[in-house]
Protein chains: 2
Amino acid sequence: MLLFCLFTMAPISYLLGQQIGNVVYVDAKELTLIGKANPTPHHYHRIDTLQYQTMPAAVKKLFTNSAGLAIVFKTNSNTISARWTTANPKTSSNMTAIAHKGLDLYIKRDGEWIFAGVGRPTVNSTTAQVVQNMEDGEKECLLYLPLYDEIKSLEIGVAEDSFIEPSVNPFRKKVLIYGSSITQGASASRPGMAYPARLSRKSGINFINLGLSGNGKMHQPVADMLADIEADAYILDCAANPSPDEISQRTGYLVKTIRNRYPGAPIIMIQSVVREGGNFDVKVKERVTGQNKNFKHEFEKLKSAGIKDLYFIEGELLGTDHEGTTDGVHPNDLGFDRILDVIENPILEILRQYGV
Amino acid sequence: MLLFCLFTMAPISYLLGQQIGNVVYVDAKELTLIGKANPTPHHYHRIDTLQYQTMPAAVKKLFTNSAGLAIVFKTNSNTISARWTTANPKTSSNMTAIAHKGLDLYIKRDGEWIFAGVGRPTVNSTTAQVVQNMEDGEKECLLYLPLYDEIKSLEIGVAEDSFIEPSVNPFRKKVLIYGSSITQGASASRPGMAYPARLSRKSGINFINLGLSGNGKMHQPVADMLADIEADAYILDCAANPSPDEISQRTGYLVKTIRNRYPGAPIIMIQSVVREGGNFDVKVKERVTGQNKNFKHEFEKLKSAGIKDLYFIEGELLGTDHEGTTDGVHPNDLGFDRILDVIENPILEILRQYGV
C-alpha cells in the first residue's frame, strides 16, 4: 500500500491514517525510523533485550527507552501534530518532561537541520500540535523520540489535504556511542539536544545512542552485545558509571572484544566529565578523579599491548566556570555545548582518517 | 537570641533549630533573604500583592513565586540539607522540577560563587541533602529558591556540632529587571541559572528578578507598582508578552512613570528574543518581529521626546544556530549564556556610567 501511494503520488495520509478534525494521523511505523543499532522485534527499543538475556535487568529496561531514535519523513502539510503514548508515569527532577517523554522536530532548510517545534507531553498519552502555520511546500522532517521513556505508540498528524511519506536516513555511516546517562541525554532540554543527536546533525554522520542511565558499566554481557553491532567506529563514553576498580577490571575486555570482532575500526575512549557536585564534596571529586585516572591508565595499557586504532579524548569537558550542569552531575545544554567544543573536532578528525 | 548566639559564638543551630538525626534545622527566616524589591508581609513573596490590589490576578499570583530570591548564610558544617514546602502540585513540561520548585546552592571560593549542589524536590514537601562531605572550615553560602513556585516554609539543615548564621547581602546596589517568563527563569536548568541571578554572581550587583511568566505586559497598575520601587537602574525586558499593539500603547506610560519618579536613573530596554518557534511558524515570526519593531519604535519616540538616560540593547540574543531554546520560546542554559554574551557588557557599561 505504501509503495502504491508513493508511485501514484496520492496523499498517503488518506490511505494509512485516521482523520481527527482536519488532521489525519499516520502510524509512525509506516515512516522511517533511524538511530537503531540493529533491527529489533520491538520497533522502538534500542536493543533486542530478549536476544541478550544475561544483560542486567536495569540495562535491559534502559534499552527500551527511545533515546537517539527519530522518525524521518516528508510532508507538504502546513501543520504537524503527534499522538503518542509512553510507558512510565514518572519524570526525573533533573530533566524537562519534553526531554524525558516528549518529541522534538527539526526540518531541513538550505541543507541544515533547523529546530521547528516540540511535542509537549501531558501524562502518558498526549495529542499535541508540534508546529503550525508553515509555508506551503515540501518539508523534510526529523522527529526525535523521548530520551528517557519507552514509546508504546506514535502517530504523526498532518493536514487532511496533504501527503506524508517515509524519507531516507539523512545520516551516513554508523558510529556507536556507548555510555552513561550523559550519553543517553540527561539533562539536555529536549531530545534533539542530546549530544549524539547534535553530533549527527552537525556532521551528517549516523551516531547511535547507546547511553544507559547509571548503568553504562561495561558489564561483560553488554560488551558481548556491543560486539554484535557492526559499525564504522565505536565511541566509549562509559567512565561515569563504573567504580574506579570496575573500570580497571572491565575496560580491557570491552575494548578487546570489539577490537577482535572488528579489526581496523577505530575505538575512541572519552574521559568522564568532571562532576561539579565534586566542587565541594570531596568524595565525589575523589571518585571521578579515580575513574578518569583508571580509564586513561587502561587506555595506555591497551596501547602498550599493541591494540591499534585506539584513541583517547580528554579536556575541560564542561568549561571552567562550573555552570555546565543541572544537578552537579548531568550537563545542561550549556555543558553539552562545551562537551562538543572539546570532543567534536577530535572525533570527526579520527573518523575522517577512516573514511567515515 | 540570634545576636546572643553570634556574640557568644555558641552553635546557633542548637538554639534555633530542631534536631533530626545528626542534622539540625534552622528556619530560613532567621537567616538573610536577598533578591527582594521591597520588604513584604509575606516573607517569600516578591511583591506585596495586597498593597497592589488592582494588578491582574495572574500577576499577583506570579509575584508569590520566589524567582530571584535567595538565602545567604555562613556555616562551618560539612553537610547542608534543606526541608521545604511549596504551594503548587504541578510543574511545566519545559522546565526541570529543580528549576521549578527546587533549591540551588553556591558557595564562595576565592571570591567567586561556585556551584555546590541542588535540592531536588519530590512532591510539594521535601527533605534533601544539598551537599555533603565538605572540608572543614567556614563557608559563605547562597541558596536560590524556586523559580516558579511559592515557598510555604523553608528550613536549612546543618550538622549538629556546627554553627549557622545570617550573612550580609553579598551584592551591592539594586537594579530591577521587569520582564516575562524568560526573566523569571524559564527554561534555566536550575534556579541559579536564571539570567538575573547569573548577572548578579558575575558582576556583584544586586539584580532583582521581577519576571512574570506570560504576564510581563506593562499593565498600568504594574507600572505604578514598579515606580514605588526605588532602585539604581531599571531594566525593561518586557517585549515578549504584550502584543505589538499593547507595546505601542503601554511602553510610553511605563518608561515615563519610572522616569518621573526617578530622574537620572538609567532605564534600559532590551529587545525580545527571536522565537525559535518562528523558524517555520510564520505567525509566531510575524508577532515577535512586530513586538521588537514596536518596542524599538517606542524607544526612539521617547528619546525624541527628550527622555534622558534611556537605552536600548539588541542583538543576536540566542545566537544563530537555533539551538538556544527548550521549546521554541524559552531559552535553555545555552540560550541564556548567549543572551548574557549580548547584554551583559552593555548593561554593566551603562551601570558604570551611573556609578552602579
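Restricting attention to segment A:85-128, which residues are under 20 Å from A:I151 (Cα atoms), of a type in the set (A, V, I, L, M, F, W, C) and not in a helix (DSSP H, G or I)?
A:A87, A:M95, A:L103, A:L105, A:V118, A:V123, A:A128
I want to confirm something. Restricting to segment B:129-143 and keeping residues that are more than 7 Å from every other protein chain (Cβ to nearest Cβ) and in a loop (DSSP other than H, G, I, E, B), which single residue is farthest from the chain's Cα centre (by Cα)? Within segment B:129-143, the match that is farthest from the chain's Cα centre (by Cα) is B:D136. Taken over segment B:221-267, the residue count meeting the criterion of being polar (S, T, N, Q) and over 23 Å from B:Q53 (Cβ atoms) is 3. Looking across segment A:188-211 at every residue that is touching a helix residue (DSSP H, G or I) at 6+ places or on another chain (Cβ under 7 Å) and either without any contact (Cβ under 8 Å) to a residue 60 or more places away in the chain or over 23 Å from A:L348 (Cα atoms) (or both), the one that is farthest from the other protein chains (Cβ to nearest Cβ) is identified as A:R190.
State all residues of segment B:56-84 that are outside any helix (DSSP H, G or I), under 16 Å from the mean Cα position of the chain (by Cα) and buried (at least 20 other Cβ atoms within 10 Å of the Cβ); if no residue qualifies, say none. Give the derivation first.
Step one: list which residues in segment B:56-84 are outside any helix (DSSP H, G or I), which gives B:56, B:63-84.
Subset that is under 16 Å from the mean Cα position of the chain (by Cα): B:63-72.
Once the filter is applied, which keeps residues that are outside any helix (DSSP H, G or I), under 16 Å from the mean Cα position of the chain (by Cα) and buried (at least 20 other Cβ atoms within 10 Å of the Cβ), segment B:56-84 yields B:F63, B:N65, B:S66, B:A67, B:G68, B:L69, B:A70, B:I71, B:V72.
Scanning segment A:104-130 for residues that are basic (K, R) and in contact (Cβ under 8 Å) with a residue 40 or more places away in the chain turns up just one, A:K108. A:T91 is checked against (1) within 11 Å of chain B (Cβ to nearest Cβ); (2) within 16 Å of A:Y25 (Cβ to Cβ); (3) of a type outside the set (D, E, K, R) and fails just one. What number does that condition carry? Just one mismatch for A:T91, condition (2).
Report, by residue number, each residue of segment A:263-296 that is of a type in the set (K, R) and more than 14 Å from every other protein chain (Cβ to nearest Cβ). Let's see the steps before the verdict.
Residues of segment A:263-296 of a type in the set (K, R): A:275, A:283, A:285, A:287, A:293, A:296.
Those that are of a type in the set (K, R) and more than 14 Å from every other protein chain (Cβ to nearest Cβ): A:K293, A:K296.
Within segment A:308-325, how many residues are within 22 Å of A:E349 (Cα to Cα) and surrounded by fewer than 16 Cβ atoms within 10 Å (Cβ to Cβ)?
Step one: filter segment A:308-325 for residues within 22 Å of A:E349 (Cα to Cα), giving A:308-319.
Going one step further and asking which of them are surrounded by fewer than 16 Cβ atoms within 10 Å (Cβ to Cβ), we end up with A:308, A:315-316.
Qualifying residue count, segment A:308-325: 3.
State which residue is nearest to the other protein chains (Cβ to nearest Cβ) when the search covers only segment A:152-170 and only residues that are outside any loop (DSSP other than H, G, I, E, B) and either hydroxyl-bearing (S, T, Y) or within 30 Å of A:P89 (Cα to Cα) (or both). If we take residues in segment A:152-170 being outside any loop (DSSP other than H, G, I, E, B) and either hydroxyl-bearing (S, T, Y) or within 30 Å of A:P89 (Cα to Cα) (or both), then A:V158 is nearest to the other protein chains (Cβ to nearest Cβ). A:D149 passes every criterion in (1) part of a loop (DSSP other than H, G, I, E, B); (2) farther than 18 Å from A:A194 by Cα apart from (2).
Return the total of residues in segment B:328-356 being in contact with a Ser or Thr (Cβ under 7 Å, 6 or more places away or on another chain) and closer than 25 Å to B:N94 by Cβ.
Keep residues of segment B:328-356 that are in contact with a Ser or Thr (Cβ under 7 Å, 6 or more places away or on another chain), which gives B:330-333, B:335, B:348.
Cutting the leftovers down to closer than 25 Å to B:N94 by Cβ gives us B:330-333, B:335.
Here the count works out to 5.
Taking segment A:96-112 as the range and being at the interface with chain B (Cβ under 8 Å from one of its Cβ atoms) and touching a Gly at 6+ places or on another chain (Cβ under 6 Å) as the test, only A:G102 passes. Of all residues in segment B:27-55, exactly one satisfies the criterion of being assigned to a helix (DSSP H, G or I) and surrounded by fewer than 17 Cβ atoms within 10 Å (Cβ to Cβ), namely B:K29. Within segment B:245-273, the set of residues being closer than 29 Å to A:V130 by Cα, surrounded by fewer than 19 Cβ atoms within 10 Å (Cβ to Cβ) and in contact with a Lys or Arg (Cβ under 9 Å, 6 or more places away or on another chain) comprises just one member, B:E246.
Please tell me if A:E314 is in contact (Cβ under 8 Å) with a residue 24 or more places away in the chain and either under 28 Å from B:T325 (Cα atoms) or out of contact with any Phe, Trp or Tyr (no Cβ under 8 Å at 6 or more places or on another chain) (or both). Steps first, please.
On the way: in contact (Cβ under 8 Å) with a residue 24 or more places away in the chain: yes; either under 28 Å from B:T325 (Cα atoms) or out of contact with any Phe, Trp or Tyr (no Cβ under 8 Å at 6 or more places or on another chain) (or both): yes.
When the stated conditions are applied, A:E314 passes them.
Identification of helices (runs of 4 or more DSSP H) wholly contained in segment B:193-268 with 1 or more residues that are of a type in the set (D, E) and over 21 Å from B:K293 (Cα atoms) yields B:220-227.
Among all positions in segment A:171-187, there is at least one residue which is of a type in the set (A, V, I, L, M), touching a residue at least 40 places away in the same chain (Cβ under 8 Å) and within 13 Å of another protein chain (Cβ to nearest Cβ).
For B:T126, the conditions (1) buried (at least 24 other Cβ atoms within 10 Å of the Cβ); (2) hydroxyl-bearing (S, T, Y); (3) within 14 Å of chain A (Cβ to nearest Cβ) are fulfilled apart from (1). Among the conditions (1) assigned to a helix (DSSP H, G or I); (2) buried (at least 21 other Cβ atoms within 10 Å of the Cβ); (3) out of contact with any Asp or Glu (no Cβ under 8 Å at 6 or more places or on another chain), B:G277 misses just one, which is (3).
Read-outs throughout are calculated quantities, based only on the coordinates presented, and are distinct from any laboratory measurement. Given the structure is predicted, the values throughout are model-derived calculations rather than measurements. Here the Cβ is made from the backbone with ideal geometry for all residues, glycine too, and neighbour counts use every protein chain on show.
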